[in-house]
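Below is one structure, written out as structure tokens; comments come after it.
What follows draws every value from the coordinates through simple rules; no lab data is involved. Quick caveat, the model's predicted, so the values are computed rather than measured. All Cβ positions, glycine included, derive from the backbone under ideal geometry; neighbour counts span all protein chains shown.
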Amino acid sequence: MNLREIVLSALLCAEYSVSGAELAADCGVSRSAVWKVMEQLRAEGCEIESVPHRGYRLVSHPDLFCESYLKQAVRDCRTDWQFRHFKELDSTNNLAKALAARNAPSGTVVIADRQTAGKGRTGKSFYSPAGNLYFSVIEKLMLPISDMMSVTACTAAAVFLALEQFGITTQIKWVNDLFLNQKKICGILSEGSFNAELLSMDYLVIGIGINLRHDADCPEELQSIITDLETETGKRINKYDLLIEILKQLEILLDEIPTHSYLDIYTKNSCTLRHTVRTDDGTQGIAIGFTEDAGLIIELADGTERILRTGSATVID
Ligand code: BTN
């Protein structure tokens with residue numbers, strides 16, 4: 001760990017302030033070396049106050065990746081979360097899949113500041129400018145392939161709960177989107193490698209993209225469809241604080257897949273249920289519930305039911 005990482009981590013973890021003298025002594029460097037790092041962090045956008053006789057206090061900070069702070073924040077988790085951060089990737093899911101295929105452990109989290117070829121469900125692209133949270137988690141859960149949709153739905157419930165911790169109540173649109181004020185703020189894409197012999201997944205990659213910041217360059221065709229947390233709530237949620245909360249919730253809810261208990265949260269906060277929806281093949285009906293594996297139950301005009309497990313359901317009324 002370099003001095004910048006140690007100092008940043010100490011500032012982020014401190015309840016109030018950190019002593020420059022103690023930091024210098026712990027790291028075996030001079031106080032002026034610590035002061036220089038403070039100046040560097042200020043140049044990177046941190047607001048650091050000098051508190052007489054106490055040291056330095058972090059007042060505000062931009063979304064700076066700090067592995068040791070993240071490790072400290074998730075120290076009580078059962079999962080040994082491992083963080084890999086990149087300024088730019090084509091897609092965090094692509095790298096996570098490549099790493100998983102080369103035996104990266106369960107709990108690996110791949111984060112990118114921006115994606116040049118972010119992927120959505122059903123072959124769509126996911127617009128991924130800088131400022132937002134894009135990450136993929138490798139999970140080796142040995143789940144049957146029939147649970148793939150549950151993984152996506154369960155992740156949506158985990159993101160919902162994480163956002164609630166920041167005072168933001170979203171709605172879940174079947175199967176993988178979170179909405180705020182009728183616009184999309186989060187998408188989830190689960191992928192994996194199927195083991196034909198064991199009839200289960202070798203590994204899963206769960207990719208999550210959340211729009212945090214207002215994007216002045218948002219393409220016109222997306223402006224009526226997507227939004228971001230800053231625009232809708234006026235809050236600038238720190239990217240990594242949100243990541244930590246999502247990982248904590250995800251760890252708990254993934255365990256609930258076999259019992260389907262996560263479906264309670266999913267159902268209560270759905271903006272698809274009780275609405276008329278149209279499927280990709282043009283079928284229309286009312287969304288009346290979810291199956292245990294997160295399929296969408298649609299009641300057709302003739303009273304029969306259809307269960308949707310792939311594609312999308314557009315809410316039309
Ligand atoms: C969708 O909207 O259909 C799903 C979008 C999923 C986007 C996330 S961003 C992180 C991860 N990497 C990707 O390429 N996609 C997912």
_Residues (surrounded by fewer than 15 Cβ atoms within 10 Å (Cβ to Cβ) and in contact with a Gly (Cβ under 9 Å, 6 or more places away or on another chain)) located in region 53-105_ = Ser60, Pro62, Asp80, Asp90
_Which numbered condition Arg213 misses (of (1) free of Cβ contacts under 8 Å to residues at least 12 places away in the same chain; (2) in a loop (DSSP other than H, G, I, E, B))_ = (1)
*For region 76-88, state whether one or more residues are on the phi < 0 side of the Ramachandran plot, touching a Ser or Thr at 6+ places or on another chain (Cβ under 6 Å) and touching a residue at least 60 places away in the same chain (Cβ under 8 Å).*
no
*Would you pick out the residues in region 87-109 that are more than 23 Å from Lys124 (Cβ to Cβ), small (Gly, Ala, Ser) and in a helix (DSSP H, G or I)?*
Ala101
*Looking at (1) surrounded by 15 or more Cβ atoms within 10 Å (Cβ to Cβ); (2) more than 14 Å from the ligand (Cβ to nearest atom); (3) of a type in the set (Asp, Glu), which is the one condition that is false for Glu191?*
(2)
*What single numbered condition from (1) in contact (Cβ under 8 Å) with a residue 60 or more places away in the chain; (2) within 13 Å of the ligand (Cβ to nearest atom); (3) surrounded by 17 or more Cβ atoms within 10 Å (Cβ to Cβ) fails to hold for Glu139?*
(2)
_Positions within region 49-100 being within 16 Å of the ligand (Cβ to nearest atom), of a type in the set (Gly, Ala, Ser) and in contact with a strand residue (DSSP E or B) (Cβ under 9 Å, 6 or more places away or on another chain), in sequence order_ = Ser91, Ala96, Ala100
